[in-house]
Amino acid sequence: MAGIVAGVLLAAGDGSRLGQPKALVRLGGQSLAARGAAMLRAGGTDPVIVVTGAAAVDLDGIVSVHNPRWRTGMGSSMAEGLAAVPENCAAAVLALADQPLVGPQAVQRLIGAFERGASVVVAGYSGRPRNPVLLAREHWPRAIELAAGDVGARPFLRAYPELVTLVECGDTGRPDDIDTQDDLDRIGRLLTGEEPVPS
């Protein structure tokens, strides 16, 4: 074993185009924050930390951390989330609340790659790097230093491509974002089977 892996769900945004904070948006009877936290837990992370901002989130068994600088974007939320990870954790999986089609199997694959020696692992979909992302603790200071505005780990990943292990996860889910009501409606139809999943 390479060590304990925490889960960090970034759920601080106000969902300006949706008209409500994304963490509270409901899909299939669950809030996006609850879905994301459950996905991280089912994928094998423990503890699971939810970073909030525009709205408070209170979920059983989940550590909720408020980012007072949430309006500055995802970078500050990533920093707050990683700062809250217990010292006994060797790595963290970063996931986004507004990507509810990402499956727990993707998290399992990232952790598996970490246990085999990779220190930076990114989920790929048809070969394209997306989310979630696993970072070993040794990389957190530099990742936080490079994060700015509404980007999280991406500047770090681009600066150190030689560290990145890309793990294909296209068969485990999809990284679609929910930014608008149309996105929410479409993803709701995908989840209920009313709309076919594109091949």
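None of the figures in this text is laboratory data; all of them are computed from the coordinates on show. Please read all numbers here as calculations on a predicted model, not as lab measurements. Quick reminder, even Gly has a Cβ in these numbers, built from the backbone with ideal geometry, and neighbours come from all protein chains shown.
For the stretch 1-112, what's the relative contact order in percent, using C-alpha pairs closer than 8 Å and at least 6 residues apart?
Here the relative contact order equals 38 percent.
Remind me, relative contact order of the stretch 4-191 in percent, using alpha carbon pairs under 8 angstrom and six or more residues apart?
Working: 429 pairs, mean separation 45.2, N = 188.
Taking the mean separation of contacting Cα pairs over the length of the stretch 4-191, I get 24 percent.
Can you sort CYS89, CYS169 by how many other beta carbons sit within 10 Å, fewest first?
Values: CYS89 18, CYS169 25.
Fewest-to-most ranking of CYS89, CYS169: CYS89, CYS169.
So, with +1 on the Cβ of K and R and -1 on the Cβ of D and E, and no other charges, what is the size of the charge dipole of the stretch 4-191 about its Cα centre, to the nearest 20 debye?
Details: 18 positive and 20 negative charges, 38 e Å.
Dipole about the Cα centre, nearest 20: 180 debye.
Quick check on the exposure proxy: order ARG109, ARG154, ARG189 from fewest to most C-beta atoms within 10 angstrom. Before the final figure, lay out each step's value.
Details: ARG109 21, ARG154 17, ARG189 12.
Listed from fewest to most nearby Cβ atoms, that is ARG189, ARG154, ARG109.
So for the chain, taking the charge dipole from beta-carbon charges (+1 Lys/Arg, -1 Asp/Glu), which of ALA34, GLN105, PRO129 sits furthest toward the positive end?
Selected residue: PRO129.
If a paramagnetic tag sat 7 Å from the Cα of GLU145 along the Cα-Cβ line, which residues of the stretch 61-97 would have the backbone N under 16 Å from that point?
Label zone hits: 79.
What number results when the radius of gyration of the stretch 4-191, computed over Cα atoms, is divided by 2.2 N^0.38 Å?
Normalised Rg, Cα atoms only: 0.93.
Can you give the log10 of the normalised intensity I(q)/I(0) at q = 0.14 Å⁻¹, computed with Debye over equal Cα scatterers of the stretch 1-113?
Each listed q maps to, in turn, -0.50.
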